[in-house]
Amino acid sequence: MLIYAKQPIQYLIQNYPNKIKTLYLAKEVDKKEYARLMKMNFEVKRIPSDAAGAMCKNANHQGILAEVDEYELQPFKSTLDKEFVLVLSGLTDVGNIGAIVRTAYAMGVDAIVACGVKNLNLAPIVRTSTGALFDMPFALEHNILDVMNDLKTSGFCLYGADMGGADIRDVKLKQKRALVLGNEGEGLSKRIISKLDEVVSIKMSHKFDSLNVSVAGAILMDRMRI
């Protein structure tokens, strides 16, 4: 898995250096920093900027790239003994998912389950989460209705985000809870909503259609902390 840009790589160097196989430097670094990197248990290579650009298809690599171990998805069943689980229904935008992962880790979510997609490109999720994906148990399951049923039978109260829901500030939360977020375009289907214990929303001060899913998710996750 190739990761690039300063923030996610610095996070991995600080917290998960054992996951880095090779660090590529495409610009000069401080001599002390270079000496520190050379003492770590991964290979450090200097490469030309054009070679770095070719590696990441001319994305903004900020002069630093790393080949790291693949992220290991967690089995969904391992989330059933958690207290606060986030369920993503059909989300495909890796930028949004990465932002959600980062916020979820900061807000104390115990695990994330992505549903309705066959696979996800995890490298950009690691990057846009600034490396937080390595701290967050993340499972991939196709059938969200099966996931919701398993969560319910394991004692979870299921909350789902929808514009017509109750104000999250007025909802009395259960200790074992799961928040379900719909995809960027269609939100949650009627069938999914019918399986929820409670539909919640963010009441706005001014008339507005909706918020980006990562922004709405961040607000709801914060208000659902116990």
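The values are calculated or read from the model by the stated rules, or taken from the named source; none is laboratory data. Here the structure is a predicted model, which means the values were calculated and not measured. No Cβ is skipped: glycine too gets one built from the backbone with ideal geometry, and neighbour counts run over all protein chains shown. The area values use the complete protein model at the heavy-atom level, side chains included, leaving out ligands, DNA and RNA. Shrake-Rupley method; radii C 1.70, N 1.55, O 1.52, S 1.80 Å.
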- Message: Yes or no: the stretch 98-116 includes at least one residue that is open to solvent by less than 20 Å² (accessible area, probe 1.4 Å) and either aromatic (Phe, Trp, Tyr) or over 24 Å from residue 11 (Cα atoms) (or both).
- Response: yes
- Residue within the stretch 6-21 that is without any contact (Cβ under 8 Å) to a residue 40 or more places away in the chain, open to solvent by less than 70 Å² (accessible area, probe 1.4 Å) and in contact with a helix residue (DSSP H, G or I) (Cβ under 7 Å, 6 or more places away or on another chain) present: no
- Scan the stretch 200-219 for residues that are touching a helix residue (DSSP H, G or I) at 6+ places or on another chain (Cβ under 6 Å) and not hydroxyl-bearing (Ser, Thr, Tyr) and jot them down. 200, 202, 213, 217, 218
- Message: Just the residues that are in contact (Cβ under 8 Å) with a residue 24 or more places away in the chain and either part of a loop (DSSP other than H, G, I, E, B) or of a type outside the set (Ser, Thr, Tyr) (or both), please, taken from the stretch 201-218.
- Response: 202, 203, 210, 212, 213, 216, 217, 218
- Message: Quick check on this structure: which one of 66, 52 is more than 21 Å from the chain's Cα centre (by Cα), at pLDDT 95 or above and small (Gly, Ala, Ser)?
- Response: 52
- Task: Name every residue in the stretch 191-226 that is basic (Lys, Arg) and at pLDDT 95 or above, in order of residue number.
- Result: 191, 195, 223, 225
- Output the number of the condition that residue 190 fails; it satisfies all remaining conditions of (1) closer than 22 Å to residue 117 by Cβ; (2) open to solvent by less than 60 Å² (accessible area, probe 1.4 Å); (3) not polar (S, T, N, Q). (2)
- Message: Suppose the filter is among the hydrophobic types (A, V, I, L, M, F, W, C), outside any strand (DSSP E or B) and surrounded by 14 or more Cβ atoms within 10 Å (Cβ to Cβ); does residue 179 pass it?
- Response: no
- Task: Go through the stretch 53-78 and count every residue that is open to solvent by less than 80 Å² (accessible area, probe 1.4 Å) and part of a helix (DSSP H, G or I).
- Result: 5
- Task: Determine whether residue 41 is open to solvent by 70 Å² or more (accessible area, probe 1.4 Å) and more than 13 Å from residue 133 (Cβ to Cβ).
- Result: yes
- Pick out the one residue from 81, 50 that is under 22 Å from residue 144 (Cα atoms), surrounded by fewer than 15 Cβ atoms within 10 Å (Cβ to Cβ) and of a type in the set (Asp, Glu). 81
- Message: I'd like to know if the stretch 55-77 contains one or more residues that are of a type in the set (Ser, Thr, Tyr), farther than 25 Å from residue 121 by Cα and touching a strand residue (DSSP E or B) at 6+ places or on another chain (Cβ under 9 Å).
- Response: no
- Which of the residues belonging to the stretch 96-137 are over 9 Å from the mean Cα position of the chain (by Cα) and assigned to a helix (DSSP H, G or I)? 106, 122, 123, 124, 127, 134, 135
